[in-house]
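Worksheet: one structure, shown below.
The values are calculated or read from the model by the stated rules, or taken from the named source; none is laboratory data. Computed from a predicted model, the values in this text were never measured in an experiment. Cβ: placed from backbone, ideal geometry, glycine included. Neighbour counts: every protein chain shown.
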Amino acid sequence: MVCLAQWRDSTSRGGSYDRMSSVAATALNLNDHLAGATAGSETTQSLIAGILYAMTQYPDQGAALLADPELATGAVEETLRWWTPVNSMARQATTDVELRGKTIHAGENVLLAYGSANRDEEEWGDDADEWDILRPSAKSHLAFGFAEHFCLGASLARREARIVLSELLTRFPNYELTGDTTRVRQHMTPGIKTMPVVFRR
Ligand code: HEM
């Protein structure tokens, strides 16, 4: 939107923007704005829904979490690992890289499969596929990526999830799934499409 306004300003003042460059610039700018605006929305919703879903699949741990809100921090970290709201992202190698005996050449595309890494038995052990809110190493998951591009909103997302979880479960400690849960068929952010739930006080 900002870009469209700039383009209108520029052309009305006789600026040199041609139509194609303005369309390209608008697309790039909108992409940035949309990425900024949606980065933390779908992902955090997915995380919170994932915790509620996990509690129904692991009722003993769900009950423990209801009884002791202090467990929320572990539950959020373990759900980030087990659920991994952002399943993957693509990158392009800028230099040749040697990884486990394979060479990734400069210019090649690479898929960062966070979801797979977060269930890697070499890292998490034989129970990698299980949701365990007491897992001591849960926080070393890669759900927020790593290094220079580590998620800018990680602290906010963690805090949001803990607050929503504690408020929701305090007000509505009894909830149940009343139908099938379906996922969005999308590789990058396969969130929840439908999850009918009834909350009771
Ligand atoms: C559960 C919630 C979230 C998850 C799972 C998540 C996950 C991710 C992942 C995997 C990346 C890419 C990291 C990489 O390239 O290595 C990322 C980047 C980013 N995230 Fe999040 N995110 C979440 C919430 C948020 C929130 C709440 C915000 C902002 C309010 C946010 C803003 C960003 C931004 C700006 C980047 C780009 C950082 C960069 O490239 O330097 N995210 N996020």
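Summary table below
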quantity	calculated
Of all residues in the range 16-71 being within 16 Å of the ligand (Cβ to nearest atom), of a type in the set (A, V, I, L, M, F, W, C) and modelled with pLDDT of 55 or more, the one that is surrounded by the fewest Cβ atoms within 10 Å (Cβ to Cβ)	A39
Enumeration of residues in the range 90-99 that are outside any strand (DSSP E or B) and farther than 24 Å from M188 by Cβ	T95, D96
Any chance G74 is buried (at least 18 other Cβ atoms within 10 Å of the Cβ), assigned to a helix (DSSP H, G or I), within 25 Å of the chain's Cα centre (by Cα) and away from the ligand (no atom under 11 Å from the Cβ)	yes
Hits in the range 133-166 - residues which are farther than 14 Å from L71 by Cα and either away from the ligand (no atom under 16 Å from the Cβ) or among the polar types (S, T, N, Q) (or both)	S137, S140, S155
Residue tally, condition under 24 Å from G40 (Cβ atoms), touching a Pro at 6+ places or on another chain (Cβ under 7 Å) and assigned to a loop (DSSP other than H, G, I, E, B), over the range 150-190	2
Criterion (over 14 Å from the mean Cα position of the chain (by Cα) and within 29 Å of E176 (Cα to Cα)) met by exactly one of R135, R81	R135
Count of residues meeting criterion [exposed (fewer than 14 other Cβ atoms within 10 Å of the Cβ) and not aliphatic (A, V, I, L, M)] in the range 111-141	11
Conditions (1) modelled with pLDDT of 95 or more; (2) assigned to a helix (DSSP H, G or I); number of the one not met by D127	(2)
